[in-house]
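For reference, the structure discussed in these notes is given below.
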DNA sequence: GTCTATAGGCAGATAGAC
DNA sequence: GTCTATCTGCCTATAGAC
């Protein structure tokens with residue numbers, strides 16, 4: 001029934017809303033952007049926004065869901081394409097560096113700062129993002145230790161915690177100054193500590 | 001003339017405003033608190049707030065100024081009381097752990113997330129905070145290397161960058177979950193990488 | 001110094017026409 | 001799906017009395 005070709009009605013608008021809102025949140029934070037900002041950028045009205053996303057909270061949820069899914073895809077691609085653990089970590093760092101190079105903060109990093117002001121569903125999604133990232137990192141690190149390309153004392157989970165903390169913190173601080181290389185510098189030191 | 005004893009008129013009120021506002025910003029962020037929040041907590045009116053701090057931007061500046069001064073005092077105390085570099089770093093970590101234990105984020109860390117929405121004077125103050133912290137850390141690390149208690153490859157500046165990034169990031173992420181020990185865990189790994 | 005009163009703007013959100 | 005029109009509430013800020 002219904003459609004031979006896809007019903008591409010509002011799908012594009014909904015996606016474009018996410019694109020604009022995502023950028024705004026990554027630059028200004030959840031409490032630093034408004035429906036009016038998104039509407040102005042897309043040249044539609046705020047009433048139209050409410051058609052696609054009933055409220056700011058739902059838009060925020062959709063933002064994290066898509067971001068986390070893309071992140072998971074990127075990690076799956078790394079697992080698929082890169083065999084060696086240390087190189088996987090380099091690729092992981094590249095994801096962060098790309099975000100920063102576009103003048104943005106990690107979506108979930110900036111939302112972590114605003115955590116106490118977020119509606120519960122958004123909080124839970126942010127927490128899940130960090131949990132799954134740390135789990136992926138820990139498995140890569142454990143794998144590297146087994147194969148002998150990484151060596152160090154702490155547990156893989158602790159090392160993963162250090163890596164993700166260092167990357168998020170370096171992004172955070174890098175945006176307050178002119179030197180975006182701060183992230184790369186931090187990443188080099190962090191990864192070096194795993195290969196001694 | 002005028003006073004034998006100190007004219008402690010509004011001084012206490014101005015300080016109490018800073019105390020309340022500081023807590024609010026460290027928990028909810030600069031864009032997540034209002035004059036009304038502070039006024040309610042102190043049981044005064046927002047009009048009174050404007051007498052002490054003409055606008056939110058000036059209040060924000062005063063907040064960073066006091067916070068940075070306290071931080072500088074704490075670092076000076078460490079330099080005065082603790083001779084050994086590695087122990088100085090432990091004391092530095094304790095400062096962060098104390099903030100987190102009170103359910104707060106580093107004031108300048110949370111402001112870094114909101115950087116793009118801040119008035120220029122606040123931005124500059126945040127940037128200065130990180131610059132001076134990193135300079136202090138780098139000097140301690142360099143000192144530890146000279147005296148032989150620390151040993152590692154990267155420059156002292158790069159190691160300082162890694163430490164402050166890791167601590168800020170760990171605070172940020174720790175607040176999204178139940179495990180506040182995440183900061184301590186990250187700190188252990190970070191400092192361990194400087195003593196190999 | 002602190003208050004009442006109020007201005008003026010922007011926020012998120014809804015009803016209903018097209 | 002997108003619009004106009006509108007609501008209600010909160011925000012920062014000011015004037016002026018006490």
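Since every read-out is calculated from the coordinates, none of them should be taken as a lab result. The shown structure was predicted, so the numbers you read here are calculated from the model rather than taken from an experiment. Every residue, glycine as well, gets a Cβ built from its backbone with ideal geometry; the counts of neighbours run over all protein chains shown.
A compact table of results
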{"read-out": "Residue with peak Gaussian network fluctuation, chain B [Cα springs, cutoff 10 Å], from B:160, B:14, B:62", "value": "B:14"}
{"read-out": "Nearest 10 degrees, 0 to 90: helix A:120-147 Cα axis against chain A principal axis", "value": "30"}
{"read-out": "Pairwise FRET efficiency - residue A:46 versus residue B:37, Cβ, R0 = 30 Å, nearest 0.05", "value": "0.70"}
{"read-out": "Whole-number percent relative contact order across the range A:56-192, with pairs defined as alpha carbons under 8 Å at least 6 apart", "value": "28"}
{"read-out": "For the range A:75-151 and the range B:23-97, distance of Cα centres in Å", "value": "31"}
{"read-out": "Simple label model, 7 Å out from Cα along Cβ direction - residue B:74 to residue A:82, nm", "value": "3.5"}
{"read-out": "Nm distances between copies for residue A:86, ranked from closest, using label points 7 Å along Cα→Cβ", "value": "2.6"}
{"read-out": "Per principal axis, descending, Cα span of the range A:1-117 in whole Å", "value": "49, 45, 24"}
{"read-out": "Order of B:44, A:173, A:78 under a 10 Å beta carbon neighbour criterion, fewest first", "value": "B:44, A:78, A:173"}
{"read-out": "Label 7 Å beyond Cα on the Cβ vector: residue B:102 copy-to-copy distances, nm", "value": "3.8"}
{"read-out": "Label-point separation, residue A:151 to residue A:102 (7 Å along Cα→Cβ), nm", "value": "4.0"}
{"read-out": "Against the rule of thumb 2.2 N^0.38 Å, how large the Cα Rg of the range B:56-192 comes out", "value": "1.06"}
{"read-out": "Of every Cα-Cα pair in the protein assembly as shown, the percent that sits beyond 26 Å", "value": "56"}
{"read-out": "Helix-only mean residue ellipticity at 222 nm for chain A, each DSSP H run of n ≥ 4 adding -39500 (n - 2.57), per residue, nearest 500", "value": "-24000 deg cm²/dmol"}
{"read-out": "Inter-copy spacing of residue B:146 label points, which lie 7 Å from Cα along Cα→Cβ, given in nm from shortest upward", "value": "4.7"}
